[in-house]
Structures are given as structure tokens and as C-alpha cells.
Amino acid sequence: MTAFSIRPETGAFCLPIEELHADVFGPGRFSRAAFRVREEGPHDPALSFLAVGGNDSAELLGSVRMTWIETSGSGCRGLLLGPLAVQQRLKGKGIGKALLNTAVDAAREAGAPYILLVGDRPYYQPFGFEPVERDRVAMPGPVDPARLLICAVDAGVEEKVCGRVRWSG
């Protein structure tokens, strides 16, 4: 069992987080549609979290970030979850799930009506994520429609969310 703790993201971890993203996602991460949204504006550090461990609790084990977004068709503001990244050697140890639970709880507390992400349904479905209705939401780049998922924090919000996703700072 790997001992870790979850804490809010701090500026001291900016470089280690970028290195983790490079290791987990490689250079292709810059062409992904979700990355293009994040290029429009910064993530919200208050809703972004780290998993740390090690003897001095300073080793970065994983990270999840949340970015405020809205959709052009509705102006409905919510959050884009990601990237969620865990050191390759620690996959399957519960770190990603702990980060995801913390992020979803924080989104609820912040009053976000929904959380959008691009990811694998089998992994995210237990956390309340379901596929977005086909052609309802457009990312600023190609996305497999089966991987565009939404967690409706407010009941019925998935019927309001439509149009192109863009940053909303």
C-alpha cells in the first residue's frame, strides 16, 4: 500500500506537475481538445489537487486540475476536469480515484452545476459521469463522442449544456 495524502495544489509544484503530465501523456498532450480549452485560460488552483507522499510528503504522486468553462449555446458555466495524472509506477493504487473524489466534492462545494471531461467511461462512471448526448457539446478539436462525459451536479443540467466549450475565468 502506498501512503499518500491529498492537498490543494500550490505553486511549488508547478514544475513537477508539468513533468508528470509530460511523462504520462507525452508530447501529444498539446494537441488534445481538452488541452486547447486550457490554453484559453488557467485552471483554478483552489479546485485542483495533489497526491503527495514520501518521507517528507513532498514527492508528487499525482495531480488533478479543474478549469472553469462555459458552453456557447447556453452560457452554462461548469468545470472541465483534467488532466488527471498519476505516476506510471503507482497506477492502480487508488491515487487517481482519491484525487477524482476530492475534485468532484470540491466542484459540488463550489456550486458548479456540472463537470465535463474527456475520458474512459468505465473508469469515470462510478463517480457519476455519463456520456454527453451526441452532437450536443463541441470541444475545440476532435474528440471521440463516447469519451466526452458529464457529471450533472445539478439535476437536469445536462439538458442545458450545449454548444462549443470555452474557458470561462
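Remark: 123, 114 ranked as 123, 114, counting other beta-carbon atoms within 10 Å and listing the fewest first. Separation of the stretch 105-124 and the stretch 26-42, taken as the distance between their Cα centroids, equals 18 angstrom.
Taking 17 Å as the straight-line reach from the Cα of residue 160, the aspartates and glutamates in range (excluding those fewer than 8 positions away in the same chain) are 70, 130, 133, 135. Close amide H contacts of residue 137 (hydrogens built in the peptide plane, cut-off under 5 Å, sequence separation of 5 or more or a different chain): 163.
Other residues with beta-carbon under 15 Å from the beta-carbon of residue 112 carry, at +1 per Lys or Arg and -1 per Asp or Glu, a net charge of -2.
In this label model, residue 39 and residue 108 are separated by 3.5 nm, measuring between points 7 Å along each Cα→Cβ vector.
Every helix of 4 or more DSSP H residues in the chain counts as -39500 (n - 2.57), and over all residues that averages to -6500 deg cm²/dmol at 222 nm. When all alpha carbon pairs of the stretch 5-167 are counted in 10 Å bins from zero, the resulting P(r) reads 11, 42, 36, 10, 1 %.
Of the trypsin sites (Lys or Arg not before Pro) in the stretch 94-138, the ones in a loop by DSSP (not H, G, I, E or B) with at most 14 other beta carbons within 10 Å are 134. The ranking of 67, 2 from fewest to most other beta carbons within 10 Å of each one's beta carbon is 2, 67.
Every read-out reported here was derived from the displayed coordinates using simple, explicitly stated rules and does not represent laboratory data. Quantities reported herein were computed from a predicted structural model and do not represent experimental measurements. Note: ideal-geometry Cβ built from the backbone for every residue, glycine included; neighbour counts use all protein chains shown.
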